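Here the structure is laid out as structure tokens; the discussion comes afterwards.
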Amino acid sequence: MEKGPFSVEWLAQSSRGGALEVPGSSSPQTPPSLPADSPRDREPAEPRSPGHEAEPAGAAPGRSRTKFSAEQLQELERSFREQRYIGAGEKRRLAAVLNLSQSQIKTWFQNRRMKFKRQTQDAR
């Protein structure tokens, strides 16, 4: 089996910092070395906001759960009763009025439609 670029052997050799043979090249090439202050050498960063605990093992990293206020929920529910699918203009308006991002509004409507679907299926 040839040890070309991106083969398992080639990648293993390159991760150990050894000389690499590149097909079609007459001399082995060494990978560029990382500066002394590389991200690999740094300590892991502490959580930036004191209110958030570290994620439990197996949890997906990312944004923490948004806790909507009673006023936000009331306005979102009112808008949902009027129309289950939100348009771009209404999404911008709600985001500005409720001090939320448009993606939070979009996600809330997606989740609310699924909740509505489950409720109607359970009622049957």
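Share of segment 69-123's accessible area from carbon and sulfur, percent, 1.4 Å? Taking all protein chains in place, segment 69-123 shows 48 percent carbon and sulfur surface. A cut-off under 13 angstrom between Cβ atoms defines the neighbours of E77, and their net charge, with Lys, Arg +1 and Asp, Glu -1, is +3. Ratio of Rg to Rh for segment 58-104: 1.04 [Cα atoms; Kirkwood radius as inverse mean 1/r over pairs].
The values are calculated or read from the model by the stated rules, or taken from the named source; none is laboratory data. Only a predicted model underlies this, so the values are computations on that prediction, with no experimental measurement involved. Every residue, glycine among them, receives a Cβ derived from its backbone with ideal geometry; neighbour counts consider all protein chains shown. Surface accessibility is based on the protein's heavy atoms, side chains included, excluding ligands, DNA and RNA. Shrake-Rupley method; radii C 1.70, N 1.55, O 1.52, S 1.80 Å.
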